Each structure stands twice: as structure tokens, then as C-alpha cells.
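Below: the structure, in C-alpha cells.
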Amino acid sequence: GQSLEQPSEVTAVEGAIVQINCTYQTSGFYGLSWYQQHDGGAPTFLSYNALDGLEETGRFSSFLSRSDSYGYLLLQELQMKDSASYFCAVRVRGTGGFKTIFGAGTRLFVKA
Amino acid sequence: GAVVSQHPSWVICKSGTSVKIECRSLDFQATTMFWYRQFPKQSLMLMATSNEGSKATYEQGVEKDKFLINHASLTLSTLTVTSAHPEDSSFYICSAMAGPDTQYFGPGTRLTVL
């Protein structure tokens, strides 16, 4: 089966940097994605790592270590609007083709 | 950018009725679409993978006779919740692959079964 672990909640102050870790155990691993979801909304894609290393997109960066089955999402210069749930998700390939499995999500609270 | 739409955005129905939810890729063709269900404050649970022109692949524990999926064209997949019951009330979200590494999500459909 597939399993992902990420912290359930993180609290940080505006302007700070926060790192949300994700570890996974899976077969047929292809890559690790991160999604943001505000209450009542649909998930929005943030990043995808298929190879080891750091990917930077503006204030958000994502890292993957395939050998450690570990990744993280780094949010810099936090803003109040970053308060949301963040999901790591693994892209896997099985007998039915590719699919994306989500972690339980990390609820980020940004305080003034 | 690529857009995925869902219709309806919300629906309220009586117990025992069936509800159809449509998922469309608006500016790209998607041979593969996915259906997820999300309960309040929980994660997205993959229900099934919908492949154009073939039968859907259901995840373990998902009743294929209750959640009928049809992917009749490269831009449309439908999910029909048959004989809906209150426990089927949830947020249903579809997504479509726009490329090997890019997955876009629809805005979701909130289903309430009375």
C-alpha cells in the first residue's frame, strides 16, 4: 500500500519561514507533489518533484530525496493568505496506470 | 492555463435518488481523469481513475456499482452517485492530467443528501 506522513498542524508568524515535511512509503513512486487548499475550495497545484533536489517557485520551494523517501515544502515570507491546508501527494504507477495519492494534510496557521 | 470545470458546483438531493456530476477539461484533452472524495477537514481520497474509452479503475473499498464513472470523450468524465444516502454527502473533486507531470483539479461539487 501507500502511506504518507506529514504534520497535522503548523503555526508561524507573518514574514517567517516554515517547512512542512513529508515522508512516504510507496511502491511505483514517480514523484512528489504539493497542493494548497483553502477552506471550501479545491486543491491548487504548487509544485512537483520527480528528481532529487530543490525546486523554487517564488516564495515556495519544494525538495525531494528519493533515497530517504522524504520531501518538504518551504514557504518563505509568510503572508496571512498562506493560511491553508497543504497536502503532499505521491505520484505512483500501478497496474491501472498513474495515480496521485494524497497525505492527510498540514493545516498552516499564519499569525500576525 | 489549463482549466477543469465541474457541474454542478453544489447539489442537494433526497435519499435514494441518483446524482450525476460532470467533469470537463476546457482547453486540453485528458485521456485520464481522477475522481476524489473529501470529507470535512480530511484529505482527498482517490475513488477511481477514469480512462477515456475504457472502464474505470476503482480503488479498494469503492463500490463500482454505486459510483458509476463514464469517460465518453477526451474532455468529459461523469460520476453518478446512485441511490444516494446521507453518508454519501461529501465534496467530490475531479482532476485531469494535462501532461505526464501536471494534474489540474476541478472546483469540486458539494453533495448533500437529505
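The values are calculated or read from the model by the stated rules, or taken from the named source; none is laboratory data. This structure is a prediction, so every number in the text was calculated from the model and none was measured. For neighbour counting, all protein chains shown are included, and Cβ atoms are generated from backbone atoms with ideal geometry for every residue, glycine included.
Odds and ends about this structure:
- A:Gly58 falls short on exactly one of the conditions (1) in contact with a strand residue (DSSP E or B) (Cβ under 9 Å, 6 or more places away or on another chain); (2) more than 14 Å from chain B (Cβ to nearest Cβ), and that condition is (1).
- Condition check for A:Gln25 on (1) under 25 Å from B:Thr49 (Cα atoms); (2) over 12 Å from the mean Cα position of the chain (by Cα); (3) within 14 Å of another protein chain (Cβ to nearest Cβ): one failure, at (3).
- The lone exception for B:Thr49 - which of (1) touching a residue at least 12 places away in the same chain (Cβ under 8 Å); (2) farther than 23 Å from A:Phe87 by Cβ it fails: (2)
- Of residues in the stretch B:21-48 being of a type in the set (S, T, N, Q) and not in a strand (DSSP E or B), the one nearest to the other protein chains (Cβ to nearest Cβ): B:Ser43
- Restricting the stretch A:58-75 to residues that are touching a residue at least 40 places away in the same chain (Cβ under 8 Å) and in a strand (DSSP E or B), the residue that is farthest from A:Asp39 (Cα to Cα): A:Tyr70
- Filtered residue count, the stretch B:63-114, keeping only those that are part of a strand (DSSP E or B), away from chain A (no Cβ under 13 Å) and without any contact (Cβ under 8 Å) to a residue 60 or more places away in the chain: 10
- The residue that is farthest from the chain's Cα centre (by Cα), counting only those in the stretch A:47-94 that are over 24 Å from B:Phe105 (Cβ atoms) and of a type in the set (Asp, Glu), is A:Glu77.
- Positions within the stretch A:61-74 being of a type in the set (A, V, I, L, M) and away from chain B (no Cβ under 14 Å), in sequence order: A:Leu73, A:Leu74
- Selection of the stretch A:28-51 for residues being on the phi > 0 side of the Ramachandran plot and either more than 11 Å from chain B (Cβ to nearest Cβ) or of a type outside the set (Gly, Ala, Ser) (or both) yields only A:Gly28.
- Where B:Ile12 falls short, out of the listed (1) more than 22 Å from A:Arg93 (Cα to Cα); (2) among the hydrophobic types (A, V, I, L, M, F, W, C); (3) buried (at least 18 other Cβ atoms within 10 Å of the Cβ): (3)
- Residue list for the stretch B:45-59, filter: acidic (Asp, Glu) and closer than 15 Å to A:Lys99 by Cβ: B:Glu59
- Taking the stretch A:62-112 as the range and being hydroxyl-bearing (Ser, Thr, Tyr), touching a Lys or Arg at 6+ places or on another chain (Cβ under 6 Å) and at pLDDT 95 or above as the test, only A:Ser85 passes.
Residues are listed down the side, and each one gets a yes or a no for (1) assigned to a strand (DSSP E or B); (2) more than 22 Å from B:Leu46 (Cβ to Cβ); (3) touching a residue at least 12 places away in the same chain (Cβ under 8 Å):
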{"position": "A:Ile20", "(1), (2), (3)": "yes, no, yes"}
{"position": "A:Gly31", "(1), (2), (3)": "yes, no, yes"}
{"position": "A:Gly41", "(1), (2), (3)": "no, no, no"}
{"position": "A:Glu56", "(1), (2), (3)": "yes, yes, no"}
{"position": "A:Glu77", "(1), (2), (3)": "no, yes, yes"}
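- Within the stretch A:96-112, the set of residues being more than 8 Å from chain B (Cβ to nearest Cβ), of a type outside the set (D, E, K, R) and surrounded by fewer than 20 Cβ atoms within 10 Å (Cβ to Cβ) comprises A:Phe109, A:Ala112.
- Options A:Glu55, A:Glu14, A:Glu77, A:Glu9; residue that is closer than 25 Å to B:Ala96 by Cα and not hydroxyl-bearing (Ser, Thr, Tyr): A:Glu55
- Count of residues meeting criterion [closer than 17 Å to B:Thr75 by Cβ and surrounded by 21 or more Cβ atoms within 10 Å (Cβ to Cβ)] in the stretch B:16-58: 10
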